[in-house]
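The values are calculated or read from the model by the stated rules, or taken from the named source; none is laboratory data. From a predicted model like this one, the values you see are computed outputs, not experimental measurements. Neighbour counts are summed over all protein chains in view; Cβ atoms, including those assigned to glycine, are modelled from backbone coordinates with ideal geometry.
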Amino acid sequence: MEKRLCYGCLKPGHSAKDCRHRHLCDTCKGRHPTCLHDDNHTKAKHVNIDESATTLSLSVDTKDPSANTSMIVPVWVSSISNPGLEKLVYALLDTQSDTVFVDQDVSQGLQTKAQPVRLKLTTMIGKDALMHSERVSGLRVRGYDSTILIDLPPAYTKDCIPVNRKHIPTCETARHWNHLSTIADEIPPQLECEVGLLIGYNCSRALAPKQVILGGDNEPYAVRTDLGWSIVGCSSPNLELPLIANMCHRVVIRELPPVTPSDAIRVLESDFKDVSKEAKAVSQDNILFLNMLKDGIQRNAHDHCEMPLPFKEKPHLPNNKQLAIVRLGHLKKKLLKDEKYKGHYMKFMNKVIEKGDAEVVQHEGKEGEKW
């Protein structure tokens, strides 16, 4: 690279894409010099290290009282490497997510081993964004009053878990409903801890219902999992629904593999790949256009080639004469300020006119065809 040698033949004076004497690798028979061969690059072609994740957030923080609660339970989270260090957090049991997310501060507080990753997020409106995160392995959880430990799949860190705290069910929520009053003592009041986990259905054991208590048609129901009781639905029979706008964010996340030296070589090799003519795909639109050219191309009276334009429908062009005049005025000011630029410009334009590449339009043209 420092000597500016060709990546195809190691000679100076041209780039790889213009190389006509590319070397053949003695190791893999690829179109690159043997000294640029990389075994890791060859093996990496058969390894797919992309991972995907999906999560659905159904909450927005407002000052109004919440009319609904969800599957949010208090849990003790720890790591296999340091089981003695536990942290109390709320966990959202999300049946619409296929991934586990953990609050970044919680992960750091547990002193877990984390691997930096890049995540590609796709939202409901189709916009992609890159996010730096960490993959944490070896997490496990148990219910607030339980000794049953559940191992979690690898989790991704996030600066916050998007859950409205007003959606957390409490013992008071159960007491508001006759059919749920029997489990009021088994649900703690709201605790002073953060929402630190989102557990998706890739950990089905944490979401599996052990017992369900149903109510009427518009009444909430209670679900007991190994992590405790949660209540889904209206939080109180006497609570009027506030007129607030809730948001639903559908987010698809894909883990991007880190850039390796083999990726760089792959990009370099792409500069001198052989592409046969037979490999080029021709669309039906291309075929129609080629047939149109074959039948419609001709020479006019000035010995210029004329060809039809490939419009499916002839466009209506707005008359932009006023805009052209404004631009011409700007060009005139620039020429008056810079004599050197003016000299180069006039010399170039005189050549264009002398060659006949530019000519004066004599007719006015039709409306919708002026540009």
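In region 76-104, the residues that are without any contact (Cβ under 8 Å) to a residue 40 or more places away in the chain and within 19 Å of T225 (Cα to Cα) never reach a residue that is among the basic types (K, R) and outside any loop (DSSP other than H, G, I, E, B) with C-beta atoms less than 6 angstrom apart, at least six apart or across chains.
Hey, any hits in region 126-148 for a residue that's over 20 Å from S70 (Cα atoms), of a type outside the set (G, A, S) and buried (at least 20 other Cβ atoms within 10 Å of the Cβ)?
To start, the set of residues in region 126-148 that are over 20 Å from S70 (Cα atoms) comprises 126-140, 146-148.
Now drop any that are not of a type outside the set (G, A, S), which leaves 127-128, 130-132, 134-136, 139-140, 147-148.
Checking which are buried (at least 20 other Cβ atoms within 10 Å of the Cβ) leaves us with 136, 139.
Taking every residue of region 126-148 in turn, at least one turns out to be over 20 Å from S70 (Cα atoms), of a type outside the set (G, A, S) and buried (at least 20 other Cβ atoms within 10 Å of the Cβ).
P310 passes every criterion in (1) touching a Phe, Trp or Tyr at 6+ places or on another chain (Cβ under 9 Å); (2) in a helix (DSSP H, G or I); (3) not hydroxyl-bearing (S, T, Y) apart from (2).
Starting from region 160-184, take each residue that is in the same structural domain as S70 (by TED's automatic domain parsing) and in a helix (DSSP H, G or I) and list its partners that are aromatic (F, W, Y) and surrounded by 23 or more Cβ atoms within 10 Å (Cβ to Cβ), counting only C-beta distances under 7 angstrom and pairs at least six apart or across chains. So the pair list comes out as I183/W229. Check T157, T95, T112, T99 and return the single one that is surrounded by fewer than 18 Cβ atoms within 10 Å (Cβ to Cβ), assigned by TED's automatic domain parsing to the domain that holds V232 and not aromatic (F, W, Y). Step by step, each of T157, T95, T112, T99 is checked, and only T95 is surrounded by fewer than 18 Cβ atoms within 10 Å (Cβ to Cβ), assigned by TED's automatic domain parsing to the domain that holds V232 and not aromatic (F, W, Y).
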